[in-house]
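Each value in this text was obtained by applying a stated rule to the coordinates, not by laboratory testing. Just so you know, these numbers come straight off a predicted model, no measurement behind them. FYI the Cβ positions are ideal-geometry reconstructions off the backbone, even for glycines, and counts take in every protein chain you see.
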Amino acid sequence: MLKKLLFNLLLLMVLVPCAVLAQSGTLTGEITDDRTGDPLPGVNIFVQELERGAATNLDGEYSIENMPYGTYNLRITFVGYSTLMQQVEINSPSTELNIQIAEDILGLQEIIVTGQGSGVERQRLSSNVTSISARQIDRVPTVQLDQLLQGNVPNAQIRASSGSPGSASLVRGRGVVSALSSTTPVIYIDGVRVDNTTSFALNRSTGGSASSALADIPVENIERIEFVSGGAATTQFGSDAANGVIQIFTKTGVQGQSRFSFQSSVGSEFATTEFLRYDRSGDILFSPGATQEYRLSATGGTETFTYSFSGSMRGSDGVIQPGGDNSVRHSIRGSFSAELSPIVRYTGSFGFASHEFNRNISANFSGSIFDVETGSFGNPDEWTDAEFEDNQEFIRTYVGLHDISEDVKRFQTSQTLDFRLREDLTARAVVGIDIRNSGQFFRESNAYLIARGFVPAGTTDQGNLTQTDRNFVGLTAEASARHQLDLGDFSFITNVGGQFFRNNDIQLSLTSSGLPDGSNNANSGQDISGNNFERTVANWGVYALENMGYRDTYFIELGIRADQNTAFGADVATQIYPKIGLIYNLSNESFFDNVNPNFISNLRLRANLGYAGNFPTPFSNEVLAGVGGYLGSSYIDFGTPGDSNLKPERTKTIEIGGDISFYNDRANFEVTYFESETTDALFNAPFARSVGLGAALQNLGTIENSGVEIAGNFNLVRTRDANISLRASVNTLTNKVVSNGDSAPFNIGGFAFLGSFVDEGFPVGYLRGNRMVIDDAGNVSEIIPNDNLGKTLPDYFGNIGLNADYKDLSLTVIADWQLGAQAVWPDELLRFLGGLGDDRTDGVPAGSSFFDFANLFVEDADFLKVRLISLNYSLPTRLTEGLFRSVSIGATVTNPLNFTSTAFDPEVTGAGIANGQGGVGVGGFSYRQLSPNREVYGTLRINF
Amino acid sequence: MRKLTLALLAIIFVYAGCDLIDGTNVVNPDLTLDNAVNSANSAESWLTGVERRTALVMNSFLTTAELSTDNYINRNTFFNQNVDGGVIRSIDTDIENTNFQFARLRNQASYGINTVIPDNDSDAAGTSVEAELYFYLGYAHLLAAENMTSLPAEGNGVPQGPAAHFDLAIGAFNQANSITADPSYNLALARAHYGAGNKDQAVQFANAAINSGSADFVRYINFDGVNGPGSTYENAVYSRQSFNDLQPLPRLDFLDPKFGDLGGTNISPIPMLKMEEAHLIIAEAHLSDNNLNLAKATMNDVIGLVDSRPTRAIDETQEGRIGNPGFSQRPNSAGFVVRADPSAPFRDGLILDRTATTDVPTISGTSVTTDRVDALSSGTDALRTLYLLRQEIFFGEGRRMFDLGVRWPVSNVEALNNPNVTGADTEPVIPGYIPTPYSTMDEFSADFDALEVTIAVDMNQVIADQRGNRFN
């Protein structure tokens, strides 16, 4: 009996697995877009019961093997699409299930990482996070990050500082929270903090065109970009994030056979000449140039290994001939991801960018190309043809001889290990670096000096050159763990982690004079001198974040970050940044079922309070000596006065907002009111002059920003053949220095006659100068010294984006606008001084100092600028079948239309981009700058 | 036990290894003030810093100071525009910077005397290093005394008027002089006493300077073309060529640009003290004593000294003499004759040919000849001529403001930070004899056919007629 029982058991043990083996099947299928029917690569299909899944290949196909017969719940997730739960029954060796998924217009199920420690569904967040998908990125063909963000981030302003190569925009989210540091958010690529400096200390200025590290961040191969302009979502980043955070996530590839994509763009670029005063200036200075760009990308992989690669090169002749602003870029980015074991996945991404370009001289620098606009060559409208030709010959000769170039090489990598310790417990370790080396070369040859008339013809030993090298190395390391707990109606996501970063910035500048022509070697000069600059900072902190949910309806966010930083004073304790957020998804309430979705289809309310900081300028915490050389001897002087209590400025932000959708999500609005207060604001305010010490960085001020951010997304047409969506945003901004801590006002930019100042009761960087009041009789009734002449921050701003697709045709339009800001036009002042001024100075008594009528050169700076119009057509597959998977052709024009309240470009700014390295810049001085060029190009894209 | 040992070993290795990856160690490449002044011979390096500071003081002060007078006019540049028209405000950033630089020079010199030498480098006590620090302390007060309505003599202190600063300057110069002898200390004392109106002491130290054995003594403020600071003033009057160029009064044209290209990275130094001043002080004292003949003899002495000073060929063909507004042509050739006011005789040789390389004085120049001096018959004429000599000899050295009696105020930033500052401190001093409008001082009319230039007002005549002798 026992034997029999044992036998039967044995038989059962043998047979059951056989039965199981016999009773498993394979699930296959295709996942497509529910509207267009396009196959979607990279979609995740997760079998909840089996705790495993697969991803679709490049044809949108998936396959999951060894599924025992039974009923399963599949969770289908894909960036930009609504998560879909689908049940499937496996009862045969082969089951096919084709699935259609729908675009997630609201993005509530979109996974957001920024500020959360790990991916969290948007619906659980109290913050306003902008996410830009790869598909949207593809619609904006650009090679520069700031241009990519322009028009895609509804609640931030991205204002071009200059059209010169290598310069980048002022990126400004929620006003100006600091009177010390640039408004540029910190930037992370695959979890690694990268150089975001918009100007550097030893930069050899060419008149306002500061070299920006934003200009060469490789924008290849991007999966998505997240942008947070401040508030509670930045608390996770502690002492480094009061200006917001940009996170870039790169593609890691899609499983399947390798696929390639080749793209070629060829076009022309033209100077934006409508802001010139004289047509003939444009004729002299500018000629159209050619542009060309080639891009190759590849992706593929297996179940355990995927890769993605993209490389591009771009050449631009520029518009200032000869060779005044040409550039060449090369860029490569590769990422791969490998499953090392069932619990460990490794992801590595590597990016390299090379950017070589020439510059011209702008603003009031000797040799400025804009001299022709401001009277140095008389009135261009009155030139004879012969004078025109002479001036053209003269100017083009010296522009051609002026050798100003820059060469940037940048390498950036991120190495990530993901541990799936349990279904509910994951951990991640990231380490990475960003190395950016830029070399500037500024040379005035004897030939140049002769051409300018500075030295007599025949001079051979008066040339000079300046070489400046900047080496930036940024290191980031972060370790974090995430625990997810679902208890019926309650869900908890806990993230804890620690982050460290360190920036080393070393700059060297070498000037050699008395050079013969033909030598680019500083050693050939008669006098050689050097200068260096070093700035190092390390920051380390830990954070804990908790996201609690109840029935997907109520959520509470809690978080805390503790930071230390080498720039803090010796007496400063660890800095603590807390946050709390509340979310109420009304549309998940049962009573909401009674609301007609044609009226309100979605409604959620959110509020939060969070802190973030900006650490002080490194080394400002120590009492330093000024030491150097003077006439062959070493000298000692007072240096930075130092402050051992120097701590980060802290920005507290309160956000209250809601997201509401109408008409079955066809019209969606995100509305947020924010109020931020920066306390202990770092002011470089002067002491009493009698103290005889330079300004010291101190925690003195209080700055407030508040505003309403409204972003609307309207799906105007949505059929199988056509999809038209319009994005538009309106933002208001009020900025004020509430307290200057009893310090005197101080200058952060501009000119002696009209500067950009920080003072109590006024916006950061308000325009201060003397105002001449002329009465009705035409007499000067009053001159008001140091009057408030305006502000450079707009009252209202926003952007507009149109995506219109019809069958295989797609159109993208991006525009942005501002109202209520002012800007200064020093060009007109120069023309006035040259006797070519317009009627604004009528009534000014002869002999008056222009310092006393500075107000006449300030104008309202309202604008609407269309940044890009791009049309793309995908060729019918029947034409390309057998040759290529798909082919598309496109035509793009950048900066086609500018509508401005000013005769000058109110956006470009020479004197307002930054106040020293990484310093605050509020723009507002349109001083003889090149506006961004207008490009027209055609694109051919082949997928194979 | 074995496991425990292994675990301990592992912990030790990991802990030791952490040193290799500790990224929190940040080393400031700059010296702290304590470390710097604790280095060997720090007082000498500190003194070098003070000398360098005088160059920065001049960069802040000189261009605006010259514009505040009849020496130069500026409407076409981003250099100070207001002071030209007599709008001298406490909010003026150039005036604020000068407030700062004067205080900084004082603070640096004082820190050297009171901290660096006693605490860190006592070997320098009683040496020329200490004497020089006293000299610069005095120079800081002297500049304040000559040019400012008032200024605090210490950080956040009560603003002191010119008399107090002259006294402080004299005290500091006497300290320097008591440590070691130097012609510049005597010249400085003569200048300070002159400014304070102390005739006997002024003459005493002027004579001491003359008798020091250096008949052509000049003490310069030097600039460093390699490491900086460069010269803002040279930049203003020469290096910027036709852009942002300052224009001299036509009767002073032959002196411009006093500081120009020396080639390579060399920058023209600016005289701080020179022997001419001793003679000029003595001549004014003689006039004060109504001793016209001795005054004339002394004025001829100074002309002799000036005539022995070097000149430099400067190519300013690029600059021309394009004035403003509207880039109008100013007199630009040697054919022009100029009179100092509508009642004065026309004189030639005052305007140089700006279409060719020209010779300009580098230390001192004057249009006054011994014949003109010999012909002087009245004290007033002699005083006018003496002040013309002073104007021409000190051209471009920031001395004219004191002769005109114009003073700058305490800066607005000082007033906002320092409760001791009163409203009166923040007002300029513009004597009543300065014409109205203030810019009249810079005005002239030019007849380009007859090649005649008439200056609107001769400020030296105004000084002689209305302000009078410094010692009276």
For region A:422-520 (alpha-carbon point model, no solvent) the Debye-based log₁₀ I(q)/I(0) at q = 0.12, 0.15, 0.19, 0.20 Å⁻¹ works out to -0.63, -0.77, -0.91, -0.95
Along the principal axes of its C-alpha atoms, what lengths does region A:817-867 span, in descending order and rounded to whole Å?
42, 18, 15
Cα centroid of region A:495-515 to Cα centroid of region A:34-112, whole Å
46
If unit charges are put on Cβ atoms (+1 for Lys and Arg, -1 for Asp and Glu) and the dipole of the protein assembly as shown is taken about its Cα centre, the option from B:H193, A:Q236, A:N360 lying farthest towards the positive end turns out to be A:Q236
For B:D167 and B:Y220, what does the FRET efficiency come to when R0 = 35 Å and r is the distance between their Cβ atoms, rounded to the nearest 0.05?
0.85
Please work out the C-alpha center-to-center distance from region A:141-157 to region B:371-441 and express it in whole Å.
58
Ranking of A:E303, A:E709, A:E589, A:E121 by count of other Cβ atoms within 10 Å, fewest first
A:E303, A:E589, A:E121, A:E709
18 Å cut-off, amide nitrogen to a point 7 angstrom out along A:F490 Cα→Cβ, residues in region A:521-547:
A:545-547
Once amide H atoms are built 1.01 Å from N in the peptide plane, which residues 5 or more positions from A:V344, or in another chain, come under 5 Å H to H?
A:R420
Phi-based couplings in Hz for region A:283-294 (Karplus 6.51, -1.76, 1.60; Gly and Pro marked x)
4, 6, 7, 10, 9, x, x, 9, 10, 8, 8, 10
What full-extension length gain, to one decimal in nm, is calculated for B:A7 and B:R372 as 0.36 nm per residue of separation minus the Cα-Cα distance?
121.2 nm
Cβ-Cβ FRET estimate between A:E393 and A:H330, R0 fixed at 41 Å, reported to 0.05:
0.70
So for R0 = 41 Å, FRET eff. of A:V708-A:A573 from the Cβ-Cβ r, to 0.05, ends up at 0.70
Per-selection Kirkwood Rh - region A:347-470 (Cα, Å, 1 d.p.)
18.8
Shielding of B:226-239 by partners, i.e. mean partner chain Cβ atoms within 10 Å per residue?
2
Cα atoms only, the protein assembly as shown: Rg and Dmax in Å?
37.0, 154
Across every pair of different alpha-carbon atoms, what Kirkwood hydrodynamic radius in Å does region B:390-472 reach?
15.4
Neighbour-count order for B:I270, A:I560, fewest beta carbons within 10 angstrom listed first:
A:I560, B:I270
Computed over the Cα atoms, what is the radius of gyration of region A:707-841 divided by 2.2 N^0.38 Å, N being its residue count?
1.57
Once the Cα gyration tensor of region A:111-718 is diagonalised, semi-axes √(5λ) in Å:
46, 30, 25
Quick one: order B:H165, A:H355 by neighbouring beta-carbon count within 10 Å, fewest to most.
A:H355, B:H165
Return the distance in nm (one decimal) between the two label points of a simple spin-label model at A:D839 and B:Y433, each offset 7 Å from Cα along Cα→Cβ.
4.8
Expected 222 nm ellipticity per residue - DSSP helices of 4 or more, -39500 (n - 2.57), all of chain A, to 500:
-2500 deg cm²/dmol
Computed over the Cα atoms of region A:169-232, what is the ratio Rg over Rh, Rh following Kirkwood?
0.98
A correct Stokes-Einstein calculation for region A:305-367, using the alpha-carbon Kirkwood radius, 37 °C and 0.692 mPa s, returns a whole-number D in µm² s⁻¹ of 221
Rotationally averaged projected area of region B:206-288 (alpha carbon convex hull; nm²)
7.7
For A:G790, enumerate residues with amide H under 5 Å from its amide H, sequence gap 5+ or separate chain, H modeled in the peptide plane.
A:L767
Once label points are set 7 Å from the Cα along Cα→Cβ at both A:I600 and A:T877, what is their separation, rounded to one decimal in nm?
4.3
Note, ³J(HN,Hα) from phi for region A:236-242, Karplus 6.51, -1.76, 1.60, rounded to Hz, x at Gly and Pro
4, 9, x, 7, 9, 9, 5
Equivalent ellipsoid semi-axes, region A:613-720, via Cα gyration tensor eigenvalues times 5, rooted, Å
51, 17, 10
Dimensions of region B:102-145 along principal axes (Cα, Å, largest first)?
32, 16, 8
Contour excess over end-to-end distance, with Cα ends at A:S886 and A:T26 and 0.36 nm allotted per residue
306.6 nm
The pairs in A:K251/A:K652; A:K579/A:K736; B:K274/B:K296; A:K251/A:K791 lying past 31 Å Cα-Cα in this model are A:K251/A:K652; A:K251/A:K791
Label-point separation in nm, A:N588 to B:F448, each point 7 Å along Cα→Cβ
8.3
What translational D, rounded to a whole number of µm²/s, comes out for region B:273-386 from Stokes-Einstein when the hydrodynamic radius is the Kirkwood one over Cα pairs, at 25 °C and 0.890 mPa s?
153
Per-residue HN-Hα couplings for region A:770-779, Karplus 6.51 cos²θ - 1.76 cosθ + 1.60 at θ = phi - 60°, whole Hz, x for Gly and Pro?
8, 10, 9, 9, 10, 7, 4, 7, x, 9
Just the ratio, please: alpha-carbon radius of gyration of region A:187-297 over 2.2 N^0.38 Å, N its number of residues.
1.52
Could you pull out every whole DSSP H run in chain A that spans at least 15 Å of Cα extent along its own axis and averages 0.0 or higher on the Kyte-Doolittle scale?
A:2-22
With all distinct Cα pairs included, what does the Kirkwood hydrodynamic radius of region B:40-467 come out to in Å, to one decimal, could you say?
22.0
To two decimal places, what compactness ratio does region A:680-767 give when its Cα radius of gyration is scaled by 2.2 N^0.38 Å?
1.78
